[in-house]
Amino acid sequence: MTHTLGELAAFLGGELQGRADLLIEGIAPIDQASPREITFITQKRFARLVDQSRAAAFIVSREYAGLARPLIIVPHPYLAYARVAALFAPPVRRWPGVSDLACLGPDVALGEGVSIAPLVFIGAGARLGDRVTVMPGCVINDEVVIGADTLIYPNVSIRERCTLGERCIIHSGTVIGSDGFGFVPQASGHVKIPQLGTVVIEDDVEIGANCTIDRGALGATGVGRGVKIDNLVHLAHNVEVGEHSLLVAQVGVSGSTKLGKRVTLAGQVGLNGHIELGDGVQVGAQSGVNHSIPAGQTVSGSPARPHREWLRIMGHLPRLPDLYQRLKQLEHEVSRLAAKLDQERESSRLKVQSSKLKTEILEPET
């Protein structure tokens, strides 16, 4: 696929500097781009590579408008890069129609342009919207509802009665609607609590590879509109994730915890159950959150605390061995001084007693 530089500038709504008819065949990093590809600058360290780059043109902010190269000047180069990359991305290959090697249960409803690859199982009463794509090895159980234009990569399992919105992307190995972890401990063992709820995923959600989203014990586990979930994330039963939140790899959210809108959980964050994180909360990587956090706060550490406080603590941490040695020396010095002071007090007491005794001897009572 080829576009002219002028077409790309118009598409981005950017300012063109250079030949409008310059042909662009793709997009690549600044140090790898060929003379037929466009690249972008988002940080100053990349700007130093301009003279060595073979790229045909650059997407830049106003800060770099003086570069003597073909440019598209935009307010947000990273966003522009994402939009141009989408233009050049190869289309997802879809199986034409419904494969004869797919197994469809009774009363399945399919919209127009649905693609179902070989070795897919779709249970009774499932409903797939227009242009849904289901790749090989997927299992979609009874009464699942999937919205239009949703893409499901190979080997995804969606359990019964779960709902996915429109334009969702579900990556390989993910399980949606697995049983929540609910048991009643007894002397004879653990009694399983039936997980009777569902999972409801709203529009424009992307879920990475090998994630698990448990169904509610009662009611639904919910993932709001526009949420983006990285690989290897676990949401326990009855978790609620507010719209446009970001959950990075290896996050674990315990049952019945609620996340507000635009919450960000960095890699390996763990959240206790039955707590709430307000809108816009940000949690640093590897943090453990065991209490609710009001809207707008940034926290880090385990247990999580305000980010600036955590930074101060981490700043002192490398000094702890030296501080420990200094403390031991001070303790030793204090002990020595205390012993010396006790000796002086005892010596002073003995002197006073001696003086009194002399006085009694030299001046006996009459």
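The values are calculated or read from the model by the stated rules, or taken from the named source; none is laboratory data. Fair warning: this is a prediction, and the values are worked out from it, not measured in the lab. Positions of Cβ are backbone-derived with ideal geometry, glycine not excepted, and every protein chain shown enters the neighbour counts. Ligands, DNA and RNA are excluded from the accessible area calculation, which covers all protein heavy atoms including side chains. Shrake-Rupley method; radii C 1.70, N 1.55, O 1.52, S 1.80 Å.
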In segment 173-190, residue surrounded by the most Cβ atoms within 10 Å (Cβ to Cβ) [restricted to those that are among the β-branched types (Val, Ile, Thr) and closer than 20 Å to residue 256 by Cα]: 176
Residue check, residue 25 among the charged types (D, E, K, R), touching a Lys or Arg at 6+ places or on another chain (Cβ under 8 Å) and either touching a residue at least 12 places away in the same chain (Cβ under 8 Å) or surrounded by 17 or more Cβ atoms within 10 Å (Cβ to Cβ) (or both): yes
Test: residue 282 is on the phi > 0 side of the Ramachandran plot and within 12 Å of the chain's Cα centre (by Cα): no
Hits in segment 32-51 (condition: modelled with pLDDT of 95 or more and either under 15 Å from residue 9 (Cβ atoms) or not aliphatic (A, V, I, L, M) (or both)): 32, 34, 35, 36, 37, 38, 39, 40
Qualifying strands (runs of 3 or more DSSP E) (wholly inside segment 112-230; at least 3 residues being under 25 Å from residue 240 (Cβ atoms)): 175-178, 198-201, 212-214, 220-223
Check on residue 338, hydrophobic (A, V, I, L, M, F, W, C) and in a loop (DSSP other than H, G, I, E, B): no
Residue within segment 17-38 that is over 20 Å from residue 83 (Cβ atoms) and touching a Pro at 6+ places or on another chain (Cβ under 9 Å) present: yes
Selection count, segment 46-69, where residues are open to solvent by 20 Å² or more (accessible area, probe 1.4 Å) and under 17 Å from residue 32 (Cα atoms): 8
Every residue from segment 243-259 that is assigned to a loop (DSSP other than H, G, I, E, B), open to solvent by 10 Å² or more (accessible area, probe 1.4 Å), on the phi < 0 side of the Ramachandran plot and not hydrophobic (A, V, I, L, M, F, W, C): 243, 254, 255
Residues of segment 109-133 satisfying the condition of being under 19 Å from residue 176 (Cα atoms), crowded, with 20+ Cβ neighbours inside 10 Å and without any contact (Cβ under 8 Å) to a residue 24 or more places away in the chain: 116, 120, 122, 126, 128, 132
Complete set of residues in segment 134-157 that are open to solvent by less than 10 Å² (accessible area, probe 1.4 Å) and either among the charged types (D, E, K, R) or closer than 16 Å to residue 173 by Cβ (or both): 134, 138, 140, 152, 156
Meets criteria (touching a strand residue (DSSP E or B) at 6+ places or on another chain (Cβ under 8 Å), crowded, with 22+ Cβ neighbours inside 10 Å and not aromatic (Phe, Trp, Tyr)) for residue 233: yes
Filter pass, residue 326 being in a helix (DSSP H, G or I) and closer than 30 Å to residue 300 by Cα: yes
